[in-house]
Protein chains: 2
Amino acid sequence: MVHQQFAALGDPTRLAIVERLARGPASAGDLAAPTTMSLPAVLKHVRVLEDAGLVTTAKRGRVRECRLRDDALVAVATWTAQQQALWSTRLDALGTLLEDM
Amino acid sequence: MVHQQFAALGDPTRLAIVERLARGPASAGDLAAPTTMSLPAVLKHVRVLEDAGLVTTAKRGRVRECRLRDDALVAVATWTAQQQALWSTRLDALGTLLEDM
DNA sequence: GCAACAGTAAACCGTATGGTTCACCAACAG
DNA sequence: CTGTTGGTGAACCATACGGTTTACTGTTGC
């Protein structure tokens, strides 16, 4: 279900969160700090990322720590590579076809 | 503006269109045929993909031909690779840190 | 124990999104 | 010329989405 991951990354706020988490884990508050948004809004976004399988969270005391999943982007990467391969081989085929003429 | 491309790919219908176009160009009607959707709906999706810079269309006679852009997925691919790199180097750093202890 | 703090749940709101139908136009085919 | 076909534009509709506020719960520090 890679479209769910794409959808999750389609929101600029969520994309920024992922970029932030790629630098290392952070609490929900940490994620909200640089934004103008309310905490509940940020946590909704985190939940979406979690549902998409991009992020895991765990509660330590009263703070919820968010971290990027190790395998977060492999589905996205493989899908992208696959489509690029298909498309480029088709272009190659066109190229050789033109050469043959 | 990679989040626009992610958003475009976030819809299952649009994802399917891209997968279809990776196999080769198609008319709007061709794209609508395998679906249960109306033609106008499909063309809206195509328009979104076009706005995201993933697809180009051109009108030949009365049929609109849609094709995947050659550079369609490079932004997505590079962004993904970049984040993966960041995250994995951080994991490496953690690994060596643990070794040092 | 109490105050401050981090998060959560719920209700609510405006707008964007994904879809429809209908009317219309331009291009073929006969 | 005429009928059919492929696409387009507009109006419209329901629902999903991104955000808010408010009230509440569980931790932590003094």
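The values are calculated or read from the model by the stated rules, or taken from the named source; none is laboratory data. Please read all numbers here as calculations on a predicted model, not as lab measurements. Neighbour counts are summed over all protein chains in view; Cβ atoms, including those assigned to glycine, are modelled from backbone coordinates with ideal geometry. We work out accessible area using only protein heavy atoms, side chains counted, and drop any ligands, DNA or RNA first. Shrake-Rupley method; radii C 1.70, N 1.55, O 1.52, S 1.80 Å.
For chain B, carbon and sulfur atoms together expose 54% of the accessible surface, with a 1.4 angstrom probe and every protein chain in place. Each stretch of four or more DSSP H residues adds -39500 (n - 2.57); spread over every residue of chain A, this sum gives -20000 deg cm²/dmol at 222 nm.
Here B:Ala41 yields copy-to-copy label distances, from shortest upward, of 3.2 nm, the label point defined as 7 Å from Cα along Cα to C-beta.
Here is how far apart the A:Arg64 label points are across copies: 4.1 nm, shortest first, using a point 7 Å from Cα toward Cβ.
Placing unit charges on the Cβ atoms only, positive for Lys and Arg and negative for Asp and Glu, gives the protein assembly as shown a dipole magnitude near 840 debye about its Cα centre.
Listed by chain and number, the lysines whose C-alpha is less than 28 Å from the C-alpha of A:Lys59, apart from same-chain residues fewer than 8 away, are A:Lys44. Against chain A, whose longest principal axis comes from its Cα atoms, helix A:12-22 is set at around 80 degrees.
The per residue volume of the convex hull around the alpha-carbon atoms of the stretch A:2-100 is 109 Å³.
Distances between copies at B:Leu86, taken between label points 7 Å from Cα along the C-beta direction, are 3.0 nm in increasing order.
Highest mean packing comes first when the peptides A:53-61, B:52-60 are listed by Cβ atoms within 10 Å, giving B:52-60, A:53-61. Modelled label positions at B:Arg67 and B:Arg23, each set 7 Å beyond Cα in the direction of Cβ, lie 1.8 nm from each other. Could you work out how far helix A:39-51 tilts from the main Cα principal axis of chain A, as a 0 to 90 degree angle to the nearest 10? That works out to roughly 40 degrees. Suppose all protein chains stay in the model; what accessible area per residue would a 1.4 Å probe give for the protein assembly as shown, in Å²? Each residue of the protein assembly as shown exposes 57 Å² on average to a 1.4 Å probe. The contact between chain B and chain A removes approximately 2700 Å² from the accessible area (both sides summed; 1.4 Å probe; ligands, DNA and RNA excluded). Remark: relative contact order (chain A) = 27 percent; criterion is Cα-Cα distance under 8 angstrom and separation of 6 or more residues. Under Stokes-Einstein, with the Kirkwood radius over Cα pairs as Rh, the value for the protein assembly as shown at 10 °C and 1.306 mPa s is 85 µm²/s.
Mean per-residue shielding of peptide B:8-20 is 4, counting Cβ atoms of other chains within 10 Å of each Cβ.
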